[in-house]
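J.: Shown below is the structure under consideration.
Any read-out appearing in this document is the output of simple, stated calculations on the displayed coordinates, not a laboratory observation. Because the structure is a prediction, the values reported are computed rather than measured. No Cβ is skipped: glycine too gets one built from the backbone with ideal geometry, and neighbour counts run over all protein chains shown.
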Amino acid sequence: MSTSILLNSRSLPGIPWEDKPAGGRDEVMWRFSGNPVIARDSTAKSNSIFNSAVVPFKDGYAGVFRCDDTSRRMNIHCGKSPDGINWKIADEPIAFIKSSLDIPDSEYKYDPRVVFVEDRYYIIWCNGYHGPSIGMGYTFDFETFYQLENALMPYNRNGVLFPRKIGSNFALLSRPSDSGHTPFGDIFYSESPDMMYWGRHRHVMAPLGTESAWQSTKIGAGPAPIETTEGWLLLYHGVLNSCNGFVYSFGAALLDLDEPWKVIARSRPYLISPQKDYECVGDVPNVTFPCAALVDGDTGRLAVYYGCADTVTGLAFGHVAEIIDFVKKNAV
Ligand code: BMA
């Protein structure tokens, strides 16, 4: 396996990993045999833990987890793990310190992403402010958390930062939406010099038609894009509107390194779709929703954390080089 295609990925020898199971169909991504890796009741009051973000931290891992409680309030909690598999998630939500006093209170928080950029871990989430908007905060140590101004106005979801500046600006993907369950949605790109004022908005990708129906209703960025010599590898979810409601799968695209709103290639087939019981049965059936990816810069191993049926968290594995190959060979 050539691994030289990864750029700026640190070595992560302890990445959660299982080899591809022998036999069966030769799939590009395969699931952890211990799925779901995080159960719905892993905190004292959680109804469900899903659509959550994990990063390497110190000798292990830290994360920000979407925990809906038994009043079905949506919030985000901090968690730590020595191995990325066994997690201790705080019973109480993160108490953000507002970086300026007039930052409005959040009505709710959900679907976090965590991305290390320059000197700190940024947290991006769907923030309740007269509807869903793009909330933003940071931490240095996963002990103290600071909340910044909302990056974008409502209605918007699926805010995902790039792990480095593009030119001299921070860069963000997002998915403008409506106040409800949004039967449409394209991915857009924005830049900011200071993490406060965002502009230079560019269109990245739209849903596709019947030739790739898993992504025919709406799409949204998943984990932070992964930098490779072939472009930014972006895992993203796509939604199909069936007679029984939305079905969330995920696939991958390659974006231009210098102008990431330019799509180099995009896969027609999905990588993972809801097929296992824990992906098909839960509070919202038929959802696989990736929010985080760990990469080992030495081996090119990839471990993706994804929400399952809006109830539990799953883990799936693949090799970056094979996924890129898959995207190119099966490009729309
Ligand atoms: C979206 C968000 C996600 C959720 C998905 C499927 O609008 O609410 O958190 O996983 O719907 O229910």
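J.: As I understand it, the dipole of the chain uses +1 on the Cβ of Lys and Arg and -1 on the Cβ of Asp and Glu, about the Cα centre. Which of LEU152, THR217, ALA44 lies farthest toward its positive end?
T.: Value: THR217.
J.: Okay, moving on. Can you give the helix-only mean residue ellipticity at 222 nm for the chain, where every DSSP H stretch with n ≥ 4 adds -39500 (n - 2.57) and the sum goes over all residues, rounded to the nearest 500 deg cm²/dmol?
T.: Roughly -1000 deg cm²/dmol at 222 nm, from the helical runs in the chain.
J.: Along the charge dipole of segment 30-329, pointing to its positive end and built from +1/-1 on Cβ of Lys, Arg, Asp and Glu, which listed residue (ILE264, PRO56, TYR122) has its Cα farthest out?
T.: Final value for the positive-end residue is ILE264.
J.: Sticking with this one: With charges only on Cβ, +1 for K and R and -1 for D and E, what is the dipole size of the chain about its Cα centre, in debye, rounded to 20?
T.: 380 debye
J.: Also, quick follow-up: Pulled fully out, how much extra length does the chain show between SER242 and LYS80, if you take 0.36 nm times their separation in residues and subtract their Cα-Cα distance?
T.: Result for the pair: 54.6 nm of gain on full extension.
J.: From the Cα gyration tensor of the chain, with a ≥ b ≥ c the square roots of its eigenvalues, which class applies: rounded if a/c is under 1.5, or else prolate if a/b is larger than b/c, or else oblate?
T.: It is rounded, given that a/c, with a ≥ b ≥ c, falls under 1.5.
J.: Size of the dipole of segment 170-324 about the Cα centre, Lys and Arg at +1 and Asp and Glu at -1 on the beta carbon, nothing else charged, in debye to 20?
T.: For this selection, approximately 320 debye.
J.: Where the only charges are on Cβ atoms (+1 Lys, Arg; -1 Asp, Glu), what is the dipole of segment 29-78 about its Cα centre, to the nearest 20 debye?
T.: 120 debye
J.: Would you please give the FRET efficiency between ARG200 and ILE264, computed as 1/(1 + (r/R0)^6) with r the Cβ-Cβ distance and R0 = 25 Å, to the nearest 0.05?
T.: 0.80
J.: With the dipole of the chain worked out from charges on the C-beta (+1 for Lys and Arg, -1 for Asp and Glu) around the Cα centre, which of GLY24, TRP198, GLY307 lies farthest toward the positive end?
T.: Result: GLY24, furthest along the dipole toward the positive end.
J.: Looking only at ASP83, ASP296, ASP105, which one moves most when the chain is put into a Gaussian network model with springs between Cα atoms under 10 Å?
T.: Of ASP83, ASP296, ASP105, the most mobile in the Gaussian network model is ASP105.
J.: Continuing with the same structure: If each residue's Cβ is checked for other Cβ atoms within 10 Å, how do SER192, SER133 rank with the fewest at the top?
T.: Placing the least packed residue first, the sequence is SER192, SER133.
J.: Still on this structure: How big is the shadow of the Cα convex hull of segment 47-127, averaged over all directions, in nm²?
T.: Hull-based average projected area comes out at 5.9 nm².
J.: Separate question: Provide the gained length on full extension for the span ASN330 to LYS45, in nm with one decimal, where the gain is 0.36 nm per separating residue minus the Cα-Cα distance.
T.: Taking ASN330 through LYS45 to full extension adds about 98.3 nm, to one decimal.
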